[in-house]
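Report on one structure; see the data block that follows.
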Number of protein chains: 2
Amino acid sequence: MRKIIVQKFGGTSVADTEKIKNVAKTVIKEKQNGNDVVVVVSAMGHTTDYLVKMAKDLSPNPSGREMDMLLSTGEGVSIALLAMAIQAEGYEAISFNAMQIGIMTENVHSKARIVDIKTDKLRKNLNDGKIIVVAGFQGVTEDGEITTLGRGGSDTSAVALAAALNAERCDIYTDVEGVYTTDPRVVPNASRLNEISYEEMLELAHAGANVLHPRSVETAKQFNVPMRVRSSFKLDNMGTLILGVEKMEIYKPVAGVAADLSQARIVVCDVPDKPGVAAKLFTTLAKDNISVDMIIQSYARKISNTNDIAFTVDTADLSKTVAALENLKSDLGTEGDIQVDENIAKVSIVGAGMIDRPGVASTMFETLAQQGINIRMISTSEIKISCLVDKEDAKRAVQALHKVFELESDILAEVKGDLPNV
Amino acid sequence: MRKIIVQKFGGTSVADTEKIKNVAKTVIKEKQNGNDVVVVVSAMGHTTDYLVKMAKDLSPNPSGREMDMLLSTGEGVSIALLAMAIQAEGYEAISFNAMQIGIMTENVHSKARIVDIKTDKLRKNLNDGKIIVVAGFQGVTEDGEITTLGRGGSDTSAVALAAALNAERCDIYTDVEGVYTTDPRVVPNASRLNEISYEEMLELAHAGANVLHPRSVETAKQFNVPMRVRSSFKLDNMGTLILGVEKMEIYKPVAGVAADLSQARIVVCDVPDKPGVAAKLFTTLAKDNISVDMIIQSYARKISNTNDIAFTVDTADLSKTVAALENLKSDLGTEGDIQVDENIAKVSIVGAGMIDRPGVASTMFETLAQQGINIRMISTSEIKISCLVDKEDAKRAVQALHKVFELESDILAEVKGDLPNV
């Protein structure tokens, strides 16, 4: 049986008709390799911004249903154009939107989750030798309502299609060349990883590496679909393969270093040391849809019988969080301060190899100490260690850790865009 | 039971968000009148041109299926935006594309005909008090393929929806104020008709009055749906009501005068006078999709036993027609000339009233004679008389006929655009 490759091209890769022609060539190359090809595309370039602007002109708060109707048209344009471009090269191609295929989602607008994908139409057209072009980002409910999948939606569409079709691989074509050991704008000789495990990729994504949305990686992990992240523009570069740790050839204790500058630290002081207090606090925040990242509760003070609870949230949620906490104070029986610190950064090392190699954490702490960097909070998972440091120390921390864990490449990465103020 | 009004707004009426806000107000006004409202919209302004241009960039001859996929996105944008604009005014609205409703068409691309419209979703949402916004111009086949209806498609969608819902009326909002007795650019005191019959409207449309595509009028006639053509921008003007002749209050012998400058005359000379020759000629042209309008066959010449066949075609089909005729010549057993004359115009008078009032034709011929205008060919139907004249005589012919049949208004029509060279 022929192998199926799912390819996904983002908005910048299909931004104009010249770029669409290039995508058509890349697609055809895969077909010429003897594989069946399903291509998932996003809306062209700035289409979504343009549609959102018109919606805002008409309504301060447009309904989620109509926004999904509106935004789903963007992919409708790019799938038809890509199918035409492939046909113009002499290959058979056919485009489908989510409704035509049956990319079934839950009945939620603007961030629906895929619950099922029908494959009969896809299999029939692949068997007929056609290249199939599918609209990413969109879905349909049982009642025929159009939905969209939210941020990272097209990546998720591609991975879910690959899972449904039992595809050999899902290739995500993008404007970066792969997954790096750290941000090349911070460490110019950061190296591109040939392979990384789903778990490492997820931890890196959550730790601030913006290559892939965690949702698509989680879906790939769930269905064990190998993903490859690679450049739309440099096809000789094979990018980074993301796969199950059991399939990886070799791995170092640490695969990558990441810094996340978008967190703020909150300390709720003098909280009574009795059962249920922390639960009440975090349940309240969860109800307000606030994601909490690192959490530390201090030892109870013997004399006052209180302790402090510290945690980090995304700065976008900061004012919402503080408002929720002020309301909670009397309920918690505390009159203590709520301290906010935005001058922080979370620096993380990630690696599946640290599980069976002791000493990784102590190396990290020693390295930061040698640099005179004060650690404000620590949290760990099986394959990640994160330290909260002052914002101005983040860049030095990343550079030192990248060096000590031997992640450097001999090749200087090509840096696009401005150096962030890390 | 509440009455249902179907409204249709074309591309210029929804060209930008300000205009969409105005359309929303017009829609709401009809709802405030106590009616249920279904609105059909076309793609915004120049969207279709823009999409076609991109398609041509990619392929000299894009597939009909993918063109339909592409073009149908245009209406997807305008329905969602209009629904948002109505909601912003505090009214409930919901948009649907053709696939969601089930506007079923035959399986033909770029000019499909509607075969059925499902009404359950429409009726349910009208009963819930919602204003329904429907994508015009598009349909779907039984296999879930997206189709488009071709020129005048959104008008046809609107009339077909009105028929399926047994609506009170179908209002076509456009950039003209109604149907005029003739082109106001040729006769400045042309008058707007309050009423016109389907049959007259069809003859006027075919005779060169571009207000409505004949297909939508034919559909309205078939299902006896009253249509009203009115201005999107001058709402105090009630426009022109198009309805069955039996429902008309009064009618003059002649309702309107039209000139069609897009025809060319072809004469095939010295054709053998035997059975089957004309049939062979016109069957050949029909196979090449060439529409023939006026046809005249001269009396057979006794000596040579041949005659001439003259007919008119659209100038767009002229070269195709001549090529087909040259191929046919040996088959027809003629070596006669094929004469082509593009310097002609077809001037027509249309009126349901001429059926039972003799003398209309002779008045027309006399009027032209008084103007010194030579009549080259004549054709008649029940409610139309057309004369072929030289192009330079067309304007004078229209003016004289408009006057003699008392079609003038006291009010000078507001003329938009340049005077055509009639």
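Throughout, read-outs are computed from the coordinates displayed, never taken from laboratory work. Here the structure is a predicted model, which is why all the values come from computation and not from measurement. FYI the Cβ positions are ideal-geometry reconstructions off the backbone, even for glycines, and counts take in every protein chain you see.
May I ask for the Kirkwood hydrodynamic radius of segment B:24-75, worked out over all distinct Cα pairs and given in angstroms to one decimal? Intermediate results must be reported in sequence, preceding the final value.
Numbers: mean 1/r = 0.0753 Å⁻¹.
The Cα-based Kirkwood calculation yields 13.3 Å.
Which entries in the list B:K53/B:K121; A:K121/B:K111; A:K31/A:K111; A:K234/A:K384; B:K56/B:K111 go over 28 Å, if you measure between the two C-alpha atoms of each?
With Cα atoms farther than 28 Å apart: B:K53/B:K121; A:K31/A:K111; A:K234/A:K384.
Run the dipole for segment B:230-279 about the Cα centre, Lys and Arg Cβ at +1, Asp and Glu Cβ at -1, nothing else charged, and hand back the magnitude in debye, nearest 20.
Dipole about the Cα centre, nearest 20: 160 debye.
Based on the alpha carbons, how large is the Rg to Rh ratio for segment B:4-174 when Rh follows Kirkwood?
0.97
Within 14 Å, Cβ to Cβ, of A:V52, how many net charges do the neighbouring residues add up to if Lys/Arg are +1 and Asp/Glu are -1?
Working: positive: A:K53, A:K56, A:R151; negative: A:D49, A:D57, A:E66, A:D68.
Neighbourhood net charge equals -1.
If each residue of separation counts as 0.36 nm, what is the full-extension length gain between A:Q32 and A:S291 once their alpha-carbon separation is subtracted?
Extra length available between A:Q32 and A:S291 comes to 88.7 nm.
Can you work out ³J(HN,Hα) from phi for every residue in segment A:254-266, in order, using Karplus 6.51 cos²θ - 1.76 cosθ + 1.60 and θ = phi - 60°, giving whole Hz and x for Gly and Pro?
10, 8, x, 10, 9, 10, 10, 9, 9, 9, 10, 9, 10
List residues of segment B:92-129, by number, whose backbone nitrogen lies under 11 Å from a label position 7 Å along Cα→C-beta of A:D143.
Backbone N within reach: B:125.
Determine, from the Cβ-Cβ distance of B:K56 and A:E342 and an R0 of 51 Å, the FRET efficiency 1/(1 + (r/R0)^6), rounded to the nearest 0.05.
E(calc), rounded to 0.05, equals 0.45.
Each residue of segment B:327-334 in order: what ³J(HN,Hα) in whole Hz does its phi give by Karplus 6.51 cos²θ - 1.76 cosθ + 1.60, θ = phi - 60°, with x for Gly and Pro?
With coefficients 6.51, -1.76 and 1.60, one gets 4, 7, 3, 5, 4, 7, x, 10 Hz.
How high is the FRET efficiency from A:E18 to A:N166, r the C-beta distance, R0 35 Å, rounded to 0.05?
Result of the calculation: an efficiency of 0.50.
Net charge around B:K320, counting only other residues with Cβ within less than 12 Å of its Cβ (Lys, Arg = +1; Asp, Glu = -1)? Could you put the intermediate results ahead of the total?
Working: positive: B:K287; negative: B:D288, B:D314, B:D317, B:E326.
Result for the neighbourhood of B:K320: -3.
Counting DSSP beta bridges in segment B:4-174, what percent are antiparallel, to the nearest 5?
On the way: 6 of 26 bridges.
Antiparallel bridges make up about 25 percent of those DSSP assigns within segment B:4-174.
What FRET efficiency comes out for the pair B:D390/B:A279, r = Cβ-Cβ distance, R0 = 30 Å, nearest 0.05?
Step by step, r from the Cβ atoms, then E = 0.45.
From the phi of every residue in segment B:133-141, what ³J(HN,Hα) in whole Hz does the Karplus formula 6.51 cos²θ - 1.76 cosθ + 1.60 yield, where θ is phi - 60° and glycine or proline is x?
Running phi through 6.51 cos²θ - 1.76 cosθ + 1.60 with θ = phi - 60° gives 10, 10, 6, x, 6, 10, x, 9, 8 Hz.
With +1 assigned to the C-beta of every Lys and Arg and -1 to the C-beta of every Asp and Glu, and no other charges, what is the dipole magnitude of the protein assembly as shown about the Cα centre in debye, to the nearest 20?
The dipole magnitude comes to about 580 debye.
Quick one: of the DSSP bridges fully inside the protein assembly as shown, what percent are antiparallel, nearest 5?
Bridges in the protein assembly as shown that DSSP calls antiparallel: roughly 60 percent.
Where the label is 7 Å out from Cα toward Cβ, how close does B:N343 come to the same position in every other copy, in nm, shortest first?
Listed shortest first, these distances are 9.1 nm.
To one decimal place, what Kirkwood hydrodynamic radius in Å is obtained for the protein assembly as shown from all pairs of distinct Cα atoms? Provide the component values of the computation, followed by the final result.
Working: mean 1/r = 0.0314 Å⁻¹.
It is 31.9 Å.
Can you compute the label reach from B:E218? Point 7 Å from Cα along the Cβ direction, backbone N cut-off under 18 Å, restricted to segment B:349-391.
B:381-384
When the C-alpha atoms of chain B are aligned to their principal axes, what extent does each axis show, in angstrom, from largest down?
Each principal axis gives a Cα extent; for chain B these are 80, 53, 37 Å.
Taking the label point 7 Å from Cα in the Cβ direction, how far apart in nm is B:S330 from each other copy of itself, listed shortest first?
In nanometres, ordered from closest: 10.4.
Give me a single rounded figure for B:60-70: the average over its residues of other chain Cβ atoms within 10 Å of their Cβ. Display every interim value, and only then the final one.
On the way: counts 1, 3, 7, 9, 0, 6, 13, 2, 1, 14, 9.
For this peptide, the per-residue mean of nearby foreign Cβ atoms is 6.
Taking the rotation axis that maps chain B onto chain A, which residue of B brings its Cβ closest to that axis, and at what distance in whole Å?
Taking the axis that maps B onto A, the answer comes out as B:T73, 2.
From the residues B:I117, B:A158, B:F137, which one has its Cα farthest along the dipole of segment B:4-174 in the positive direction, the dipole being from +1 and -1 charges on Cβ of Lys/Arg and Asp/Glu about the Cα centre?
Final value for the positive-end residue is B:A158.
Give, rounded to the nearest 20 debye, the magnitude of the charge dipole that segment B:47-178 has about its Cα centre when Lys and Arg contribute +1 at Cβ and Asp and Glu contribute -1 at Cβ.
Computed charge dipole of segment B:47-178: roughly 140 debye.
Could you rank the peptides A:110-116, B:69-75, A:143-149 by their average count of other C-beta atoms within 10 Å per residue, with the highest value first? Mind dumping the intermediate values first?
On the way: A:110-116: 17.1, B:69-75: 27.1, A:143-149: 22.0.
Output ranking for A:110-116, B:69-75, A:143-149: B:69-75, A:143-149, A:110-116.
Counting DSSP beta bridges in chain A, what percent are antiparallel, to the nearest 5?
Among the beta bridges of chain A, antiparallel pairing accounts for roughly 60 percent.
Would you compute, from DSSP H runs of 4+ residues alone, the mean residue ellipticity of chain B at 222 nm, taking -39500 (n - 2.57) per run and dividing by the full residue count, rounded to the nearest 500?
Calculated from helices alone, the mean residue ellipticity at 222 nm is -10500 deg cm²/dmol.
Once Lys and Arg get +1 and Asp and Glu get -1 on their Cβ, which of B:V267, B:A324, B:T367 lies farthest toward the positive end of the dipole of segment B:244-374?
B:T367
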